[in-house]
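Colleague: One structure follows; several queries about it will come next.
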Amino acid sequence: MRRTTMALAFLVAWFVVMPAAWAQQYTDKEHAELAKALKAAKVSLQSGLQASAREGTPISAKYELEEGKLQLSVYTKKGDKFSEVIVDHKTGKVAKAEPITKAEDMTAAKDQSAAMAKTKRSLAAAASEAVKANKGFRVVSVFPALKDGHPVAEVTLVKGTEWKTATEKLD
(Lines give C-alpha, C1' and ligand atoms only; values in the text may rest on other atoms or scores of the structure.)
Protein backbone atom coordinates (compact mmCIF):
# COMPACT_ATOMS: atom_id res chain seq x y z
CA MET A 1 0.00 0.00 0.00
CA ARG A 2 2.83 2.38 0.90
CA ARG A 3 4.48 1.77 -2.47
CA THR A 4 1.25 2.63 -4.27
CA THR A 5 0.90 5.85 -2.29
CA MET A 6 4.47 6.85 -3.11
CA ALA A 7 3.99 6.02 -6.79
CA LEU A 8 0.76 8.02 -6.86
CA ALA A 9 2.45 10.97 -5.13
CA PHE A 10 5.27 10.83 -7.69
CA LEU A 11 2.81 10.81 -10.60
CA VAL A 12 0.86 13.75 -9.17
CA ALA A 13 4.09 15.68 -8.66
CA TRP A 14 5.19 14.81 -12.18
CA PHE A 15 1.97 16.10 -13.75
CA VAL A 16 2.06 19.27 -11.66
CA VAL A 17 5.75 20.13 -12.01
CA MET A 18 6.55 19.04 -15.57
CA PRO A 19 4.04 21.23 -17.43
CA ALA A 20 5.40 24.25 -15.53
CA ALA A 21 8.95 23.24 -16.40
CA TRP A 22 8.04 22.79 -20.07
CA ALA A 23 6.29 26.17 -20.09
CA GLN A 24 9.38 27.78 -18.54
CA GLN A 25 11.64 26.23 -21.18
CA TYR A 26 9.35 27.54 -23.90
CA THR A 27 9.42 31.00 -22.33
CA ASP A 28 13.21 30.82 -22.00
CA LYS A 29 13.49 29.88 -25.67
CA GLU A 30 11.20 32.74 -26.69
CA HIS A 31 13.17 35.14 -24.50
CA ALA A 32 16.44 34.03 -26.08
CA GLU A 33 15.04 34.47 -29.61
CA LEU A 34 13.61 37.90 -28.79
CA ALA A 35 16.82 39.05 -27.07
CA LYS A 36 18.80 38.01 -30.16
CA ALA A 37 16.38 39.78 -32.53
CA LEU A 38 16.44 42.97 -30.44
CA LYS A 39 20.06 43.52 -31.43
CA ALA A 40 18.73 44.67 -34.83
CA ALA A 41 16.38 47.25 -33.27
CA LYS A 42 17.63 50.80 -33.67
CA VAL A 43 14.57 52.36 -32.01
CA SER A 44 13.83 52.30 -28.30
CA LEU A 45 10.38 51.26 -27.17
CA GLN A 46 9.99 54.75 -25.69
CA SER A 47 10.55 56.30 -29.15
CA GLY A 48 8.01 53.86 -30.56
CA LEU A 49 5.48 55.08 -28.00
CA GLN A 50 6.08 58.67 -29.11
CA ALA A 51 5.82 57.80 -32.81
CA SER A 52 2.54 55.95 -32.30
CA ALA A 53 0.92 58.92 -30.54
CA ARG A 54 -0.26 60.34 -33.88
CA GLU A 55 -2.65 57.37 -34.04
CA GLY A 56 -3.96 57.92 -30.48
CA THR A 57 -2.87 57.72 -26.87
CA PRO A 58 -0.49 54.79 -26.32
CA ILE A 59 -1.93 52.31 -23.80
CA SER A 60 0.71 49.53 -24.07
CA ALA A 61 3.72 48.55 -26.13
CA LYS A 62 5.92 45.55 -26.73
CA TYR A 63 8.63 44.20 -28.93
CA GLU A 64 7.65 40.77 -30.22
CA LEU A 65 8.48 38.21 -32.84
CA GLU A 66 5.62 37.92 -35.30
CA GLU A 67 6.11 35.05 -37.73
CA GLY A 68 9.81 35.11 -36.87
CA LYS A 69 10.21 38.84 -37.56
CA LEU A 70 10.83 41.51 -34.94
CA GLN A 71 8.15 44.15 -34.59
CA LEU A 72 7.28 46.94 -32.19
CA SER A 73 3.55 46.81 -31.46
CA VAL A 74 1.79 49.68 -29.68
CA TYR A 75 -1.87 49.66 -28.69
CA THR A 76 -3.45 53.10 -28.88
CA LYS A 77 -6.81 54.63 -28.03
CA LYS A 78 -8.46 57.49 -29.90
CA GLY A 79 -11.96 58.36 -28.71
CA ASP A 80 -13.64 55.00 -28.17
CA LYS A 81 -11.58 53.19 -30.84
CA PHE A 82 -8.50 51.05 -30.30
CA SER A 83 -5.71 50.39 -32.80
CA GLU A 84 -2.57 48.32 -33.04
CA VAL A 85 0.22 50.47 -34.39
CA ILE A 86 3.32 48.81 -35.80
CA VAL A 87 6.40 51.03 -35.55
CA ASP A 88 9.37 50.20 -37.77
CA HIS A 89 12.11 49.13 -35.34
CA LYS A 90 14.84 50.53 -37.59
CA THR A 91 13.40 53.93 -38.59
CA GLY A 92 10.96 54.73 -35.78
CA LYS A 93 8.21 55.54 -38.27
CA VAL A 94 4.71 54.12 -38.15
CA ALA A 95 4.62 51.21 -40.61
CA LYS A 96 0.89 50.50 -40.24
CA ALA A 97 -2.07 51.03 -37.96
CA GLU A 98 -5.07 48.72 -37.85
CA PRO A 99 -8.23 48.72 -35.74
CA ILE A 100 -8.28 46.13 -32.97
CA THR A 101 -11.12 43.72 -33.69
CA LYS A 102 -10.28 40.36 -32.09
CA ALA A 103 -12.19 39.80 -28.85
CA GLU A 104 -9.10 38.86 -26.79
CA ASP A 105 -7.15 41.90 -28.03
CA MET A 106 -10.16 44.17 -27.46
CA THR A 107 -10.50 42.93 -23.86
CA ALA A 108 -6.80 43.62 -23.25
CA ALA A 109 -7.08 47.09 -24.82
CA LYS A 110 -10.11 47.97 -22.69
CA ASP A 111 -8.35 46.82 -19.51
CA GLN A 112 -5.24 48.80 -20.42
CA SER A 113 -7.34 51.85 -21.23
CA ALA A 114 -9.10 51.62 -17.86
CA ALA A 115 -5.74 51.59 -16.08
CA MET A 116 -4.43 54.48 -18.21
CA ALA A 117 -7.52 56.57 -17.38
CA LYS A 118 -6.17 56.93 -13.83
CA THR A 119 -2.59 57.91 -14.77
CA LYS A 120 -0.76 61.18 -14.39
CA ARG A 121 2.41 59.95 -16.14
CA SER A 122 2.93 58.48 -19.60
CA LEU A 123 4.10 54.96 -20.35
CA ALA A 124 7.17 56.47 -22.02
CA ALA A 125 8.07 58.30 -18.79
CA ALA A 126 7.63 55.11 -16.77
CA ALA A 127 9.73 53.11 -19.25
CA SER A 128 12.48 55.74 -19.19
CA GLU A 129 12.45 55.70 -15.38
CA ALA A 130 12.86 51.91 -15.40
CA VAL A 131 15.84 52.16 -17.78
CA LYS A 132 17.40 54.88 -15.61
CA ALA A 133 17.17 52.58 -12.57
CA ASN A 134 18.53 49.57 -14.52
CA LYS A 135 21.67 50.69 -16.34
CA GLY A 136 22.46 48.83 -19.54
CA PHE A 137 18.93 47.39 -19.90
CA ARG A 138 16.45 48.18 -22.65
CA VAL A 139 12.68 48.10 -22.45
CA VAL A 140 10.98 45.18 -24.18
CA SER A 141 7.42 45.89 -23.06
CA VAL A 142 5.32 48.20 -20.93
CA PHE A 143 1.78 47.45 -19.81
CA PRO A 144 -0.42 49.46 -17.45
CA ALA A 145 -2.25 47.80 -14.58
CA LEU A 146 -4.08 48.71 -11.41
CA LYS A 147 -2.54 47.65 -8.09
CA ASP A 148 -4.53 48.44 -4.98
CA GLY A 149 -6.51 50.95 -7.03
CA HIS A 150 -3.38 52.79 -8.23
CA PRO A 151 -2.10 52.76 -11.82
CA VAL A 152 1.32 51.23 -12.40
CA ALA A 153 3.38 50.27 -15.42
CA GLU A 154 4.82 46.78 -15.57
CA VAL A 155 8.05 47.26 -17.52
CA THR A 156 9.96 44.25 -18.87
CA LEU A 157 13.65 44.87 -19.48
CA VAL A 158 16.50 42.90 -21.03
CA LYS A 159 20.29 43.14 -21.04
CA GLY A 160 21.93 40.36 -23.04
CA THR A 161 20.22 37.24 -21.71
CA GLU A 162 19.19 38.78 -18.38
CA TRP A 163 15.50 39.64 -18.03
CA LYS A 164 13.75 41.55 -15.29
CA THR A 165 10.48 43.31 -14.58
CA ALA A 166 10.16 46.69 -12.91
CA THR A 167 6.99 48.28 -11.58
CA GLU A 168 6.74 52.06 -12.00
CA LYS A 169 4.03 54.28 -10.52
CA LEU A 170 1.85 56.11 -13.00
CA ASP A 171 0.05 58.38 -10.53
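Colleague: With the requirement that a residue be within 23 Å of ALA126 (Cβ to Cβ) and in contact with a Ser or Thr (Cβ under 7 Å, 6 or more places away or on another chain), what does region 83-102 give you?
Modeller: Selection gives SER83, GLU84, VAL85, ILE86, VAL87, GLY92, VAL94, ALA97, ILE100.
Colleague: Pick out the one residue from SER128, SER73 that is under 12 Å from the mean Cα position of the chain (by Cα) and not aliphatic (A, V, I, L, M).
Modeller: SER73
Colleague: Could you tell me whether any residue of region 147-162 is open to solvent by 40 Å² or more (accessible area, probe 1.4 Å), within 21 Å of ARG54 (Cβ to Cβ) and modelled with pLDDT of 95 or more?
Modeller: First, pick out the residues of region 147-162 that are open to solvent by 40 Å² or more (accessible area, probe 1.4 Å): 147-150, 154, 159-162.
Remaining after also requiring within 21 Å of ARG54 (Cβ to Cβ): none.
Checked against the condition, which is being open to solvent by 40 Å² or more (accessible area, probe 1.4 Å), within 21 Å of ARG54 (Cβ to Cβ) and modelled with pLDDT of 95 or more, region 147-162 yields no hits at all.
Colleague: Can you name every residue in region 142-159 that is of a type in the set (Gly, Ala, Ser) and in contact with a helix residue (DSSP H, G or I) (Cβ under 7 Å, 6 or more places away or on another chain)?
Modeller: Listed by number, the residues that qualify are ALA145, ALA153.
Colleague: Then there is this: With hydroxyl-bearing (Ser, Thr, Tyr), assigned to a loop (DSSP other than H, G, I, E, B), open to solvent by 60 Å² or more (accessible area, probe 1.4 Å) and on the phi < 0 side of the Ramachandran plot as the only criterion, which of THR107, THR101, THR119 stands out?
Modeller: THR101
Colleague: How many residues does region 122-133 hold that are closer than 18 Å to ILE59 by Cα and either open to solvent by 70 Å² or more (accessible area, probe 1.4 Å) or in a loop (DSSP other than H, G, I, E, B) (or both)?
Modeller: Total satisfying the criteria: 2.
Colleague: Check GLY136 against each of (1) surrounded by fewer than 16 Cβ atoms within 10 Å (Cβ to Cβ); (2) within 18 Å of GLN50 (Cβ to Cβ); (3) touching a strand residue (DSSP E or B) at 6+ places or on another chain (Cβ under 6 Å) and name the one condition it does not meet.
Modeller: Going through the list (1) surrounded by fewer than 16 Cβ atoms within 10 Å (Cβ to Cβ); (2) within 18 Å of GLN50 (Cβ to Cβ); (3) touching a strand residue (DSSP E or B) at 6+ places or on another chain (Cβ under 6 Å), GLY136 breaks only (2).
The values are calculated or read from the model by the stated rules, or taken from the named source; none is laboratory data. It should be emphasised that the depicted structure is a prediction, and the values quoted were computed from it without experimental measurement. Here the Cβ is made from the backbone with ideal geometry for all residues, glycine too, and neighbour counts use every protein chain on show. Just the protein is used for accessible areas: all its heavy atoms, side chains included, with ligands, DNA and RNA removed. Shrake-Rupley method; radii C 1.70, N 1.55, O 1.52, S 1.80 Å.
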